[in-house]
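Here's the structure we're looking at; comments come further down.
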Amino acid sequence: MPMSSAGFDLTPIDAQSRAEMAKDLPAEVRHVLFEHGTEPPFCGGLLLEKEAGSYLCALCSLPLFRSTSKFESGTGWPSFWEPYAPDHIRELTDTSYGRIRTEIRCARCDSHLGHVFPDGPKPTGLRYCLNSAALRFEKEA
């Protein structure tokens, strides 16, 4: 079983298991995760979340981001400057809509999360721009 640098199982989830895990998710969540959808700006349920905790994949619950790396980007989507662990995020080139962007996906279940841009704050200079629908927030115990 492949383990992440943070000690989480990164064994890929097969298509049948993904379908089973997704059967009870709302249509908007399935659209974002599986069809690379984007929720409208300033509408996501986690945009204004300020509590301490972790942001998990809405499908497989892999921790993706910590509240300590969240920042207000003004874009209308939850933004982070650093992932929970670098190997929890997979990056792919996205050439849709006539632009070249870097898509981010969950490293375990391959669900679409959003995009990463090189215009974030220090220390990384990155802005991971996420769909709230792709995330589940878990408060710190």
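Using DSSP to define loop residues, name the GluC sites (Glu not before Pro) in the range 50-139 whose beta-carbon has at most 13 other beta-carbon atoms within 10 Å. When the GluC sites (Glu not before Pro) of the range 50-139 are filtered for loop state and at most 13 Cβ neighbours within 10 Å, Glu51, Glu72 remain.
With contributions of -39500 (n - 2.57) from each DSSP H run of at least four residues, the per-residue ellipticity at 222 nm computed over the chain stands at -3500 deg cm²/dmol.
A simple rule links phi to the HN-Hα coupling: the Karplus curve 6.51 cos²θ - 1.76 cosθ + 1.60 with θ = phi - 60°, which for the range 94-105 gives 10, 10, 5, 6, x, 10, 10, 10, 10, 7, 10, 9 Hz, with x for Gly and Pro. Here is the short version for the chain: Cys43, Cys129 have no other Cys C-beta closer than 4.7 Å. Computed on the chain, with alpha-carbon pairs under 8 angstrom and 6+ residues apart, the relative contact order is 27 percent. Amide H contacts for Phe117 (H built 1.01 Å from N in the peptide plane; partners 5 or more residues away or on another chain; cut-off under 5 Å): Arg127, Tyr128, Cys129.
Compared with the alpha-carbon gap, the fully stretched path from Ser61 to Phe34 is longer by 8.2 nm at 0.36 nm per residue. Taking amide H as placed 1.01 Å from N in the peptide plane, Leu135 has its amide H under 5 Å from the amide H of Ala58, each at least 5 places away in sequence or on another chain. Figure legend: label point modelled 7 angstrom from the Cα of Arg101 along Cα→Cβ; residues of the range 25-43 with amide N under 12 Å from it are 36-41.
Quick note: the coordinates plus some simple rules give every number you see, no bench work behind them. Please read all numbers here as calculations on a predicted model, not as lab measurements. As a convention, Cβ positions derive from the backbone with ideal geometry for all residues, glycine included, and neighbour counts pool all protein chains shown.
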